[in-house]
2 protein chains.
Amino acid sequence: MPVGTVGTVKGVPQDVLEDLGVGILLGNTYHLYLRPGVETVRQMGGLHGFMAWERCILTDSGGFQVFSLNELRKVKEEGVTFRSHIDGTSHFFSPERAMEIQIGLGADIIMAFDECTEYPAEEGRTRESMELTLRWAERSKVHFEQHKHEVPWDKASGSGLQASGAARAGTPVRPSPSQGATQALFGIVQGGMSKELRRESALRTVEIGFPGYAIGGLSVGEPRVMTYEIVAETLQHLPADKPRYLMGVGRPEEIVQYARMGVDMMDCVLPTRAARHGLLYTSQGEVSIKQARYARDEAALDPECRCRVCRRYSRAYLRHLYASNELLAQVLNTIHNLSFYLETMRVFRGSIGVASQAL
Amino acid sequence: MPVGTVGTVKGVPQDVLEDLGVGILLGNTYHLYLRPGVETVRQMGGLHGFMAWERCILTDSGGFQVFSLNELRKVKEEGVTFRSHIDGTSHFFSPERAMEIQIGLGADIIMAFDECTEYPAEEGRTRESMELTLRWAERSKVHFEQHKHEVPWDKASGSGLQASGAARAGTPVRPSPSQGATQALFGIVQGGMSKELRRESALRTVEIGFPGYAIGGLSVGEPRVMTYEIVAETLQHLPADKPRYLMGVGRPEEIVQYARMGVDMMDCVLPTRAARHGLLYTSQGEVSIKQARYARDEAALDPECRCRVCRRYSRAYLRHLYASNELLAQVLNTIHNLSFYLETMRVFRGSIGVASQAL
């Protein structure tokens, strides 16, 4: 899932995302709550109507961003008080509030409100944090079940504008949000770097019962080998017939590895953020396009890539755009990196199909 | 002509420019000379190859930008010494050097090196400046005729990359730069705000003889009514069967007015620059998209516009992108403004066709 923090994948128009085959986007609840605000989005028919995107959307719970604010937040049983990174105003998120906001934003998949345990953390602290996340998961589910029919999807087709993407052939299409359809609320497993706590968190989250499960609290500074071990341990205790979502990863070779382990969904700012800093992923490895060695390089960025950037522009041109601090550098670099990530996963999915047929 | 200062119309990919029906782009010689430098562009087959754009390109002579540097330049008979606005390094442009650079850049239309007379200026100073421009026009032509076959077009199709735009149906196509084809060098009329000097400059520039003529030195701070008068006076003395190009204008209603007077070509940074500052041109007048009144406005930016921005996105979304300082704001705003300008001229050209048929 490409990350579209405030209702836009930075620099890339929605029709280009459709052409890239993006079937689902991630939006950040914390950012959207601050700008443009949930009431605005709700009135526009939810995020789908607001950003003119008919395919699927997932919103995170806001938990991760709020916990990233460090000095600006205060956690209690009831919820979290925090200050906006934009204007310093004080706000409060609880499981109930996070549900209310996410229902208003109207994504297809929404996330339970959780506490992302910091790394490193003592065993006792990790357990406390995990227990809090479990209590919040219960409260999230209760509130969601009571209010899930308030999702503003009826209004989604209210304006005369057209989001033309859903009907295109051969691309993932969002189930029609017709009468009675509601969002899907996923639970989140925590438990820090303890396999025992991860197992317990997974089992107890599954006991609460959700249509999909996420593994949170990873990629927070721990060594990569530890991430793999925790993911492997946690996956064992999550039902294979429900979507399993690993939050906030990863590099191209890592997402393939996680998919191979059984992860179904991932999101990461890496392809888009790295692109804006001139770091490009190719079939031949990473390319730092700012380097002078590319100044007169007539080759495509990645000769094996069929994206609209690689088909048309040379490394020399991309290097020039980046060196001249041109807007188009960020646009084209982002399109390529997204294409590379999406193609990586497409190829992997294809290999699953082949493996299944061989059985 | 949209302005693509350093080989890019800021924020807009070339395929979108093609879809908008852009038949010719303007590149700035001064900026391209500094970054990426003429040798790089020449080696990539000229600007066409470098920026993967098969349709037409015009480069200015660098004169206007150099004269805008004020404190950083020194004008002599031979040429102009100036300092780079990027790193303060010293450079020298003469008519011969401006031709050499523009031949290396390889645009389809290039401009004689001129002095843009400042406003206001005394009659004597204006005449001196006009005479200098005439001598430089001669020198430009002499150098161009001797070196025009050095244009690097043979190399334009050297790389394996495709600029896919030229062949699309119903859009302006650049004449094939096959063996022997060269660039077209246009002369520039100066003469400040004096009708007499404008007449003299026009007649003597035509005497030197060019395949097209530009009116320079306007939109430099003079009242708009004065611009109209000088344009009207100058046009009378330029052949109607050659392209007449008014440099650096203007607002939407102005470009229609100039076209009605007989101007064939114009360029202006206004649609693209204003877009990046949230000022949008619509059939109902200017819209400052940053205003809070648009925060929940579900309507299209311009309900009468058929561009890809107006067909898909609401004012509320565009306002949110701008208020959140999102890259996509600049991309979408620029696409709309260019569409509005191009459609304005398309409609006007259509009205010429109708008027011709009625005769």
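The values are calculated or read from the model by the stated rules, or taken from the named source; none is laboratory data. Bear in mind that the values here come from a model prediction, so they are computed numbers and not experimental data. FYI the Cβ positions are ideal-geometry reconstructions off the backbone, even for glycines, and counts take in every protein chain you see. Calculation scope for accessible area: heavy atoms of the full protein, side chains included, ligands and nucleic acids excluded. Shrake-Rupley method; radii C 1.70, N 1.55, O 1.52, S 1.80 Å.
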Original post:
Given only helices, namely DSSP H runs of n ≥ 4 each adding -39500 (n - 2.57), what is the per-residue ellipticity at 222 nm of the protein assembly as shown, to the nearest 500 deg cm²/dmol?
Top reply: -13000 deg cm²/dmol
Original post:
Dipole of the protein assembly as shown (Lys/Arg Cβ +1, Asp/Glu Cβ -1, origin at the Cα centre): which of A:Val225, B:Leu197, B:Gly285 lies farthest to the positive side?
Top reply: B:Gly285
Original post:
Which of these, A:Phe144, A:Phe82, A:Phe113, has the largest mean-square fluctuation under a Gaussian network model of chain A (Cα springs below 10 Å)?
Top reply: A:Phe82
Original post:
On the accessible surface of segment B:189-246, probed at 1.4 Å, how many percent belong to carbon and sulfur atoms?
Top reply: 52 percent
Original post:
Just how far, in whole angstrom, is segment B:311-358 from segment A:83-136 if you go by their alpha carbon centroids?
Top reply: 42 Å
Original post:
If you place +1 on the Cβ of every Lys and Arg, -1 on the Cβ of every Asp and Glu, and leave all else neutral, what size is the dipole of the protein assembly as shown about its Cα centre, to the nearest 20 Debye?
Top reply: 520 debye
Original post:
Nm distances between the label at B:Asp87 and the same-position labels in the remaining copies, 7 Å along Cα→Cβ, shortest first?
Top reply: 4.4
Original post:
How much accessible area per residue does segment A:205-309 have, in Å², with a 1.4 Å probe?
Top reply: 43 Å²
Original post:
Alpha carbon centre of segment B:1-34 versus segment A:181-247: separation in Å?
Top reply: 49 Å
**OP:** Would you list the P(r) distribution for segment A:1-69, with all Cα-Cα distances sorted into 10 Å bins from 0 and each bin expressed as a whole %?
**Re:** 21, 54, 24, 2
Subject >> Rg/Rg_globular for segment B:24-163, with Rg_globular taken as 2.2 N^0.38 Å and Rg from C-alpha atoms >> reply: 1.09
**OP:** Determine the total buried accessible area between chain B and chain A, counting protein heavy atoms only with a 1.4 Å probe; round to the nearest 100 Å².
**Re:** 4300 Å²
Subject >> Normalised convex hull volume, segment B:262-359, alpha-carbon set, Å³ per residue >> reply: 98 Å³
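Give the percent of DSSP beta bridges with both residues in segment A:19-130 that are antiparallel, rounded to the nearest 5. Before the final figure, lay out each step's value.
Working: 7 of 13 bridges.
Roughly 55 percent of the DSSP beta bridges within segment A:19-130 come out antiparallel.
Over segment B:1-102, what percent of the accessible surface lies on carbon and sulfur atoms, probe 1.4 Å?
Working: 1590 of 3220 Å².
Looking at segment B:1-102 in its full context, I get 49 percent from C and S.
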Original post:
Quick one: if the Förster radius is 22 Å, what FRET efficiency do B:Asp19 and B:Val347 give, using the C-beta to C-beta distance and rounding to 0.05?
Top reply: 0.75
Subject >> Cα extents of the protein assembly as shown along the three principal axes, largest first (Å) >> reply: 91, 49, 48
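Give me the one-decimal Kirkwood hydrodynamic radius in Å for chain B, with the sum taken over alpha-carbon pairs. Before the final figure, lay out the partial values.
Numbers: mean 1/r = 0.0469 Å⁻¹.
When all Cα pairs of chain B are included, the Kirkwood radius is 21.3 Å.
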Subject >> Backbone N within segment B:1-23 under 15 Å of label point (7 Å from A:Asn325 Cα along the Cβ vector) >> reply: B:6
Original post:
Given the options A:Gly187, A:Gly27, A:Gly250, which has the most mean-square fluctuation in a GNM of chain A, springs set between C-alpha atoms less than 10 angstrom apart?
Top reply: A:Gly250
Subject >> Gaussian network model of chain B, Cα within-10 Å springs - most flexible of B:Gln330, B:Gln102, B:Gln284 >> reply: B:Gln284
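Helix by helix, which DSSP H runs in chain A go 18 Å or more along their axis at the Cα atoms and have an average Kyte-Doolittle hydropathy of 0.0 or more?
Working: long enough: A:123-147 (35 Å, -1.41); A:195-208 (20 Å, -0.81); A:224-236 (19 Å, 0.21); A:327-358 (47 Å, 0.56).
Within chain A the helices that satisfy the rule are A:224-236, A:327-358.
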Original post:
How big is the antiparallel share of DSSP beta bridges in the protein assembly as shown, given as a percent to the nearest 5?
Top reply: 40 percent
**OP:** Write down the radius of gyration of segment B:186-246 and its Dmax, each obtained from C-alpha positions, in Å.
**Re:** 10.6, 31
Subject >> Other-copy label distances relative to A:Lys76, 7 angstrom Cα-Cβ extension, nm >> reply: 7.8
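Please work out the average accessible area per residue across segment A:92-149, using the 1.4 Å probe convention, and give it in Å². Display every interim value, and only then the final one.
On the way: 2250 Å² over 58 residues.
Accessible area per residue, segment A:92-149: 39 Å².
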Original post:
For B:His85, what is the net charge nearby, where nearby means another residue's Cβ is under 15 Å from its Cβ and Lys, Arg count +1, Asp, Glu -1?
Top reply: +1
